[in-house]
Amino acid sequence: MKGIIAVDMKNIVILISGGGSNMAAIVRAAQREHWDQRYSARVSAVISNRPDAGGLAFAREQGIAAQVVDHKPFANREEFDAALAAAIDRHEPALVVLAGFMRILTPGFVARYQGRLLNIHPSLLPAFPGLHTHQRALDAGCRFAGATVHQVTAELDFGPILEQAVVPVVPGDTAQSLAARVLTQEHLIYPRAIATLLR
């Protein structure tokens, strides 16, 4: 009888704060492209800082561990980040993926997962870091907008760029219409960037 060789699975932990559409796109890509077979990788957990985050239900429906680490009871960012890291580390993550996670992380947290921490931002970085990116792009008269997948560093929305998608600005665009078109591209480039790292 031949021995069975155990393959170490690369665990991906996704952090969300809301509906989790990028998280869902990643989970569906992992299923469709058989990341478990191709890369020995899986989405092992989804963690939210908000108990009412809609994406938690989707994760549970897919058989993925879903957990809440509510930021409200903690006295400061450091205490919350320590609790969040403890929850993440139980899954021994190869990657920690921010997918609409609306918390600014402390430098200590970022350093803990250096090289393994990813984010997607709805602009063509380095343009328009921070919030209200689509309205700022329109106000600036940009002819193109887009999204960026990047590694996270201590500086907000700064880290090495892994993938970008360009979306044209069309006449009559509002922040909402532009955001919707950019989001469709986010759902394509985020799973692709992760798959590239897993190879």
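The values are calculated or read from the model by the stated rules, or taken from the named source; none is laboratory data. Being a predicted model, the structure only gives us computed values, none of them experimental. Please note: Cβ atoms are built from the backbone with ideal geometry, for glycine as well, and neighbour counts cover all protein chains shown.
Considering only residues that are out of contact with any His (no Cβ under 9 Å at 6 or more places or on another chain), crowded, with 21+ Cβ neighbours inside 10 Å and either assigned to a loop (DSSP other than H, G, I, E, B) or of a type outside the set (F, W, Y) (or both), which ones fall in segment 101-122? Spell out the reasoning first.
Taking segment 101-122 as the starting set, the residues that turn out to be out of contact with any His (no Cβ under 9 Å at 6 or more places or on another chain) are 101-102, 104-117.
Filter once more, keeping what is crowded, with 21+ Cβ neighbours inside 10 Å: 101, 105, 109, 117.
Within segment 101-122, F101, L105, L117 meet the criteria.
Right, A30: in contact with a Phe, Trp or Tyr (Cβ under 8 Å, 6 or more places away or on another chain), in contact (Cβ under 8 Å) with a residue 40 or more places away in the chain and in a helix (DSSP H, G or I) or not?
So A30 fails the test.
Applying the selection to segment 18-36, what residues are buried (at least 16 other Cβ atoms within 10 Å of the Cβ) and either more than 21 Å from S48 (Cα to Cα) or of a type in the set (D, E, K, R) (or both)?
W35
Please find, among A45, A83, the residue that is at pLDDT 95 or above and either on the phi > 0 side of the Ramachandran plot or more than 16 Å from the chain's Cα centre (by Cα) (or both).
Result of the check over A45, A83: A83.
Going through segment 69-103 one residue at a time, which ones are free of Cβ contacts under 8 Å to residues at least 60 places away in the same chain and touching a Leu at 6+ places or on another chain (Cβ under 7 Å)?
V69, D81
Of the residues that sit in segment 144-199 and are among the polar types (S, T, N, Q) and in a helix (DSSP H, G or I), which one is surrounded by the most Cβ atoms within 10 Å (Cβ to Cβ)? Outline the logic, then answer.
At the first step, the residues of segment 144-199 found to be among the polar types (S, T, N, Q) are 148, 151, 153, 164, 174, 176-177, 184-185, 196.
Filter once more, keeping what is in a helix (DSSP H, G or I): 176-177, 184-185, 196.
On the way: Q176: 9, S177: 14, T184: 13, Q185: 18, T196: 11.
Here the residue is Q185.
Matching residues to (1) touching a Pro at 6+ places or on another chain (Cβ under 9 Å); (2) small (G, A, S); (3) closer than 26 Å to G19 by Cβ:
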position: R77; (1), (2), (3): no, no, yes
position: D81; (1), (2), (3): no, no, yes
position: I88; (1), (2), (3): no, no, yes
position: A94; (1), (2), (3): no, yes, yes
position: P107; (1), (2), (3): no, no, no
position: R112; (1), (2), (3): no, no, no
position: L117; (1), (2), (3): no, no, yes
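The rows are residues; the columns are (1) assigned to a helix (DSSP H, G or I); (2) in contact with a Ser or Thr (Cβ under 9 Å, 6 or more places away or on another chain).
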site	(1), (2)
N22	yes, no
V43	no, no
I47	no, no
R50	no, yes
A57	yes, no
E79	yes, no
A83	yes, no
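Out of contact with any Cys (no Cβ under 8 Å at 6 or more places or on another chain), among the hydroxyl-bearing types (S, T, Y) and within 26 Å of W35 (Cβ to Cβ): which single residue out of T184, T133 fits that description? Spell out the reasoning first.
On the way: T133 fails: within 26 Å of W35 (Cβ to Cβ).
The conditions single out T184.
Report yes if some residue within segment 182-197 is under 16 Å from S21 (Cα atoms) and out of contact with any strand residue (DSSP E or B) (no Cβ under 9 Å at 6 or more places or on another chain); otherwise report no.
The answer is yes, given that some residue of segment 182-197 is under 16 Å from S21 (Cα atoms) and out of contact with any strand residue (DSSP E or B) (no Cβ under 9 Å at 6 or more places or on another chain).
Where the second residue is part of a helix (DSSP H, G or I) and among the polar types (S, T, N, Q) and the first is closer than 23 Å to P191 by Cα and lies in segment 128-149, which pairs have Cβ atoms under 6 Å and are six or more apart or on separate chains?
Between residues of segment 128-149 that are closer than 23 Å to P191 by Cα and residues that are part of a helix (DSSP H, G or I) and among the polar types (S, T, N, Q), the close pairs are A147/Q185.
Just wondering, is there one or more residues in segment 23-45 that are out of contact with any strand residue (DSSP E or B) (no Cβ under 6 Å at 6 or more places or on another chain), β-branched (V, I, T) and within 21 Å of T196 (Cβ to Cβ)?
So far as segment 23-45 goes, yes, one or more of its residues are out of contact with any strand residue (DSSP E or B) (no Cβ under 6 Å at 6 or more places or on another chain), β-branched (V, I, T) and within 21 Å of T196 (Cβ to Cβ).
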